[in-house]
Amino acid sequence: MKRSPTNLPEGLVIPLLSWYNEEKRDLPWRRDPTPYHVWLSEIMLQQTRVAAVLDYYRRFLDALPTVAALAACSEDALMKLWQGLGYYSRARNLQRAAKIITSDYGGVFPDDYAAIRALPGVGDYTAGAISSIAFGLPHAAVDGNVLRVAARLTADSRDIAAPETKRSVTAALEEILPRSVPGDFNQALMELGATVCLPNGVPLCQKCPVREFCQAYRRDLTASIPVKAPKQARKAEERNVYLIFFDRRVALRQRPGRGLLAGLWEYPNALSPSAPPVSGKADFALTAKHIFTHIEWHMTAYTVEAETDALPEDWVWADRRDLAEKYSVPSAFQAFSHIVRQHL
């Protein structure tokens, strides 16, 4: 029989907040938690580790310091700033939301939970994080870290990915959420999950400030909780990638405006078996794999020395400077970067 939580103990609030005030990581968005900064950091951190986000966050704000600047940015420049972070729809939704904030709210970030939640790319968690951290509104922010902490605290054996689990955890947290510092409380739970109450059965219980309240710790269940249903197997695709060179330039084509890696620039590729799309001598280069959420690309790359500079319509030639400053090539093709550099 699966056990579900009834209540989260209110007594954990003070020790958790005390621990957070002493042990929290020094992160740039925590130093200056304006709505724009909190929003940007939360979107960047989706599906991405903190360490990977830090440099992107600084560069992004250097280039686009305000919501208005983000709204006015060209899509090519935006994609270049995001290049390598993946999940590029996040950046497009950021800009869509920035344009709404500019047009509908005079460039001032809305301070109402419902209005924040209605912005493109903002779900329940992100709306809770922004409203609580930036505006002090009493809303829970329930992400994977928080779900894991709550499941262990209450020895909850339900699937933490189930919508009903998230709803009940959110309701339980909002019962004990301190109205004076809701943002700190939400961040404390996230921090606990990120640095102490770790996944994969290896929590650092001896460092946990609230282990006396933890039912999984008391019952020696931390290795089996949380419970998460197994993911579906990803589909694998065999693809040929063609690194086409002419006069110290490489050929790029733009992906369609919808779907995987929408609108980004890529080295021409096709499902295997396939022939090079231009005439010229083709040589095997290397194999590589890239994993997306629901699909894997198993890629075999070939270098092609083109006989002429003629390219299909809407393709371009790019030199080193173009790749560095103009065209956004996604990290799916990162394995081939050193070969490209050698030819440019």
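The values are calculated or read from the model by the stated rules, or taken from the named source; none is laboratory data. Quick caveat, the model's predicted, so the values are computed rather than measured. Please note: Cβ atoms are built from the backbone with ideal geometry, for glycine as well, and neighbour counts cover all protein chains shown. For the accessible areas, the whole protein counts, side chains as well, though only heavy atoms, and no ligand, DNA or RNA atoms are used. Shrake-Rupley method; radii C 1.70, N 1.55, O 1.52, S 1.80 Å.
Here is how the numbers come out for the structure above:
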| quantity | calculated |
| --- | --- |
| Contour minus Cα-Cα distance for D283 and L54 (0.36 nm per residue) | 78.6 nm |
| For the chain: accessible area per residue (Å², 1.4 Å) | 50 Å² |
| Cα-based reach from K24 at 24 Å (exclusive), listing lysines while leaving out same-chain residues under 8 positions away | K207 |
| Carbon + sulfur, % of accessible area of the chain - ligands and nucleic acids excluded, 1.4 Å | 50 percent |
| Distance (nanometres) between label positions extended 7 Å along Cα→Cβ at A161 and Y105 | 3.2 nm |
| GNM result for the chain, Cα springs below 10 Å: residue of D112, D76, D26 fluctuating most strongly | D26 |
| On Cα atoms only, tilt of 89-104 relative to the major axis of the chain in degrees | 70 degrees |
| Most fluctuating residue given options M44, M299, M79, as computed from a GNM of the chain linking Cα atoms under 10 Å | M299 |
| Relative contact order, percent, the chain [alpha-carbon distance under 8 Å, six or more residues apart] | 17 percent |
| For I244, net neighbour charge (Lys/Arg +1, Asp/Glu -1) across residues whose Cβ lies under 13 Å away | -2 |
| Long-range HN-HN contacts of M299 with modeled amide H, under 5 Å | R239, A288, K289, H290 |
| Principal axis box of segment 40-134, alpha-carbon based, largest edge first, Å | 32, 26, 20 |
| Efficiency of FRET between A68 and L27 - r from beta-carbon atoms, R0 35 angstrom, step 0.05 | 0.90 |
| Neighbourhood net charge (10 Å Cβ-Cβ; Lys/Arg +1, Asp/Glu -1) for D309 | -1 |
| Segment 119-155 versus segment 80-97: alpha-carbon centroid distance in Å | 21 Å |
| Modelled FRET efficiency - R0 30 Å, E325 with A118, Cβ distances, 0.05 increments | 0.30 |
| Choice from P15, P110, P312 showing the highest fluctuation, given a GNM over the chain with Cα pairs closer than 10 Å | P312 |
| Amide hydrogen neighbours beyond the local backbone of R158, cut-off 5 Å, H modeled | R3 |
| Within-12-Å neighbourhood charge of T170 [Cβ basis; K, R +1; D, E -1] | -3 |
| For segment 249-316: relative contact order, % (alpha-carbon pairs under 8 angstrom, 6 or more apart) | 31 percent |
| In sequence order, calculated HN-Hα J values of segment 223-230 (Karplus, 6.51, -1.76, 1.60; Hz; x Gly/Pro) | 7, 9, 10, x, 9, 9, 4, x |
| Fraction of alpha-carbon pairs over 36 Å apart in the chain - percent | 34 percent |
| Degrees, to the nearest 10: 124-135 long Cα axis against longest axis of the chain | 70 degrees |
| Hz values of 3J(HN,Hα) by residue in segment 271-282 - Karplus curve (6.51, -1.76, 1.60), Gly and Pro given as x | 4, 7, x, 8, 9, x, x, 10, 7, x, 6, 10 |
| Straight-distance crosslink candidates among lysines, where the alpha carbon sits under 17 Å from K228 and sequence neighbours closer than 8 are dropped | K2, K166 |
| Calculated from backbone phi, Karplus (6.51, -1.76, 1.60) coupling profile of segment 288-299 in Hz, x at Gly/Pro | 7, 10, 10, 9, 9, 4, 10, 8, 10, 9, 9, 10 |
